[in-house]
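What follows is one structure encoded as structure tokens, with my remarks underneath.
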């Protein structure tokens, strides 16, 4: 078996934690990119939860877990009502009720009257508000100031149009914090070749720990949306990963960003919904042979609720610790074209001299697909995403990326169906209900030394290997936090969230001449 070794050039992936205001998602192209940039996305069966795929893939409509607070429910006769009370960062609480499903389909009938009873932390009734002669249909809402996390709100609702009589449905729910989705890391190579597929990944966390949320994870290049994972689910207190792919058709420096938008049921803090980095796109040459980077971060935060006045001494404090790990190996050979189908492909992470993780893609190989300019195979495992591409120009690229998080959501351009060389988005992707997720990489701790590797055996039984030099880690970090207080009849209520981000990263930078 012939053996080829990839030369040496490694550069740091840039891990960015950035603040900015999240906006609404613009129209993003669906399906794989083709043409000069090659094929992004792999052919795979529509039923990805079948035994042949090991149950790896699931539609986004399936929540991988939903352990946070749920809407309260009540029933009278045939009428059923859901209610929810979510506390925003400005101290206001939105109380909602529906005869259908909150954030879902409307129900039958309509509300004719709603009585809201607001209770204090000790369970005593503090206020009663009546809303009569309503014509609100099957949904009702009202914003209240001065409500406190975990205090109860009781709604006595009158529902008409379901049974011959008016049904009186009572629901009691506890006030919860609105979910806070935050982009906690965003990684991608600092340099790549023009007209080749480039992978980016983001870690998205829910920080308030009360309620999970859905959102769109959108990748933009030079200010324009280019890829997205739609309707991802992040459970309360959990982290997930979004995997993207994009082909750059022009050389030069490009701004790349990720944004978490369209958050349902709304976002507590929009200032932490974005992150950005830059990438240098160059013409293929013998100077860029491989890049490798490894990153980890630790998020430690404390939330505290405090009352003064009538309920002085009340507090409801909690602590939250979250860690994350990401690694990427990106190898090029501008002089040799890989032969398909690939026989095997694997990566390795060695920490302090011990192999800590070996993502292996062989069992998950997808059939190669071609668009006339390139041939690619994308591979998925429970812990990583790998891609191998050969271009008609003679350039070949192999890459694996892995990141922690409860699951990994694959975007439009990393999850597509190709038949007979023609690639389109799956219909269920267009309908935003069946993007896919895997289980995430192991949550490793960066040590004193680390090393990344990549091995590939192509269809001609030629073996290619690449390995970084031994890398030492650099540390960085920052603190964040806020306090918000509101005065009301029985005293004042303050909510605060403070934390520290600690980041470690390591990369190998060297020069080589390719194969």
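The slack in the chain from residue 316 to residue 66, taken as 0.36 nm per residue of separation less the alpha-carbon distance, amounts to 87.7 nm.
If R0 is 45 Å, the Cβ-Cβ spacing of residue 484 and residue 355 corresponds to a FRET efficiency of close to 0.40.
Diffusion coefficient of the range 72-177 by Stokes-Einstein, Kirkwood radius over Cα pairs, 4 °C, 1.567 mPa s: 94 µm²/s.
Throughout, read-outs are computed from the coordinates displayed, never taken from laboratory work. Just so you know, these numbers come straight off a predicted model, no measurement behind them. We place every Cβ from the backbone using ideal geometry, glycine too, and count neighbours over all the protein chains shown.
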